[in-house]
Each structure stands twice: as C-alpha cells, then as structure tokens.
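I have placed the structure first, in the form of structure tokens, so that the comments after it can refer back to it.
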Amino acid sequence: MESRAALIVNEEFETTQEPPQPLREFWGYFSANHGAVAGLLIVLAVLLLAALAPLIAPYAPDLTNPSVFLKPPAWQAGGSSAYWLGTDAIGRDILSRLIHGARLSLAIGMAVVALSIIVGTVLGLTAGYFRGVFEIAVMRLMDIILTLPSLLLAIVIVAILGPGLMNAMLAVAVVVLPHYVRITRAAVIGEMAKDYVTAARMNGASHLRLMFNEVLPNCLAPLIVQASLGISTAILDAAALGFLGLGAQPPSPEWGTMLADAREFVMRAWWVVTFPGLAILITVLAFNLLGDGLRDAFDPKLKR
C-alpha cells in the first residue's frame, strides 16, 4: 500500500510540474561555460560603448591639439589626466578614437555577416533542396573560394574595386560566404529526410513554403553560431585591410587604420599601437568565446 501511494504521489507530482522552458534550459547550458558568459559581457560592453560613443567619448575623434603630440597615458611620466590613454602623432585623443572606432568596427562586422548570411542561406537552401546540377555548380564555386587564402582574396577584390570601406566590407563578405553556404546546405539535406517534410509535401505545400516555412527554421541554430563567430572574422579581416590601406581611410577611427597610422611611432610611443591592437584582440576573443558558448548550448551532443 505504501509503495502504491508513493507511486500515486509521484504521478501527481509529475503531472503538476511546469512544462519545460527552452529559454531557461538554453541559458542553463550557456551559463555553464564561464568563458562564454565573459565573452557575452564584453560584447555587451562594447555594444554599449558603440551606442553611446558621442556621450561617453571625452573628445571628438578627429579633434586635434597641436600642444599634445604623442602625449603618453595618464599613469606614465609626462601624461595628463585629460588624455587617459594618451594622444597620437597629431594630438588626437586615443580613448575617444577607440570608443568611436568600436561603433565602426561593429558596424562592419554586423553588415558583413548580414550580407553573407542572407546570400549564403539562400544559396545553401536552394542547393540542398533542389540538388542536381545547381548544387554541384554552387558548391564547386564555394570550394574554389575556400582554396584561396582569405586575406589574399579580399586584397585582390579590393584592388579591383578600389580602396574604401564599402568595398572592403564587400570583399570580406565574399570571403566568408562559403561557410554559410556549406552549413546551410548540410543542415537542409539532413532536414529533408525527416517525416515532417514528407508530411508537408503530401499536404500540397509549395517549394517556397517547404524551404522557408518548414526547413529553414530548423536550420537556424548552426547559422546563429556561425554568425557570432563570423563577426569576429569580419572585424579582424576589415582591420587587416585597414592596416594595409585598402579598407577604411584616414581620418576614420577604425582600429586597423589607427594601427596603420601609428606604425612609424612604435619605438617611441608604444601606446599608439598597443591600445588599438588590444581593442581588436579583446573584441575578437569575446565574439569567439560567445560563439563557443552558443555552439555548446545549441548542440545536443555537447549538452551534459
């Protein structure tokens, strides 16, 4: 009798339990990765700095002061509390330029990812859905792009189109495009063999409805992970192009351009190179940590 009563109590308890909450479960797996949480906090901080740049930055990014050329940081001998991270060769405040540069670098990363994920998703979705000759043509083109060094290909594209921020963004988008095409195609092929797709087809669903209403929503998890990692890649490639003089042009406060302007002062003014480099390093690392945490939370094979 006691065991039967206990069984009845357990059944009643199970029936009164709350239904599973996907968002809470996702956060539980994501927060277990402390590096991912740290990356998320850094990304949010950089986004906040970029959004409030005109209010937070002490000076305008292009404001020059002839009396403070190469002023060291405030804690170093000769520094001033008016310029916490020092000034560059023409008297511009480095802290202000870094804060405004965060807005520019994040805009580059997000624009590149948005463009590449839209084009890549459409190409991968149609290739995985229709297969055949179209799939072979698309995937062989992506293979050709992947065989070329990414930075070298971006340099060639910018050299053809001409230096500039928009052309640099387009070049980086072309470089990262194959990753989204391949991920989407692989996910679509896996979903096409499932029963819900067959049931929707038997109910008379059109090709567009099958692709965008049935299949694509179930392929978003790997795309979200790749997008978070792709932002870091886009920021790094755009900074490399800016450093080579092919991306954002002076006096733009883009971090790669700041590094290029400071090359000749490395030996006598370490701060003009160190702080833009640290900004790139920390931001790219934060997005990579965030992407790792999203992968762990979305992938059921990695859930403990």
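The values are calculated or read from the model by the stated rules, or taken from the named source; none is laboratory data. Just so you know, these numbers come straight off a predicted model, no measurement behind them. Cβ: placed from backbone, ideal geometry, glycine included. Neighbour counts: every protein chain shown.
Hey, any hits in the range 262-275 for a residue that's at pLDDT 85 or above, within 29 Å of residue 36 (Cβ to Cβ) and surrounded by fewer than 19 Cβ atoms within 10 Å (Cβ to Cβ)?
The answer is yes, given that some residue of the range 262-275 is at pLDDT 85 or above, within 29 Å of residue 36 (Cβ to Cβ) and surrounded by fewer than 19 Cβ atoms within 10 Å (Cβ to Cβ).
Evaluate the following for residue 82: is it farther than 27 Å from residue 287 by Cα and either buried (at least 22 other Cβ atoms within 10 Å of the Cβ) or touching a Pro at 6+ places or on another chain (Cβ under 8 Å) (or both)?
yes
So which residues in the range 170-213 are surrounded by 22 or more Cβ atoms within 10 Å (Cβ to Cβ) and within 30 Å of residue 251 (Cα to Cα)?
171, 172, 173, 175, 176, 177
So for the range 242-255 (the condition being buried (at least 23 other Cβ atoms within 10 Å of the Cβ) and either without any contact (Cβ under 8 Å) to a residue 60 or more places away in the chain or of a type in the set (Val, Ile, Thr) (or both)), does at least one residue qualify?
no
Between a residue in the range 28-47 that is β-branched (Val, Ile, Thr) and any residue that is in a helix (DSSP H, G or I), which pairs come within a Cβ distance under 6 Å, given they are 6 or more apart or on different chains?
37/31; 42/286; 43/286; 43/290; 46/102; 46/283
Can you tell me how many residues in the range 108-141 are of a type outside the set (Gly, Ala, Ser) and under 20 Å from residue 224 (Cα atoms)?
Here the count works out to 13.
Say whether the condition of being free of Cβ contacts under 8 Å to residues at least 12 places away in the same chain and of a type in the set (Ser, Thr, Tyr) is met by at least one residue in the range 164-183.
Scanning the range 164-183 turns up no residue that is free of Cβ contacts under 8 Å to residues at least 12 places away in the same chain and of a type in the set (Ser, Thr, Tyr).
Looking at this structure, is residue 187 of a type outside the set (S, T, N, Q), over 31 Å from the mean Cα position of the chain (by Cα) and modelled with pLDDT of 85 or more?
Taking the combined requirement at face value, the residue does not satisfy it.
Quick one: is residue 115 on the phi < 0 side of the Ramachandran plot, out of contact with any Ser or Thr (no Cβ under 9 Å at 6 or more places or on another chain), loosely packed, with under 15 Cβ neighbours inside 10 Å and of a type outside the set (Asp, Glu)?
No; evaluated as a whole, the condition is false for this residue.
Could you list, ordered by first residue, the pairs with Cβ atoms under 7 Å in which the first is in the range 83-94 and at positive phi and the second is surrounded by 22 or more Cβ atoms within 10 Å (Cβ to Cβ) and not in a strand (DSSP E or B), at least 6 apart or interchain?
Every condition considered, the pairs that remain are 86/71; 86/94.
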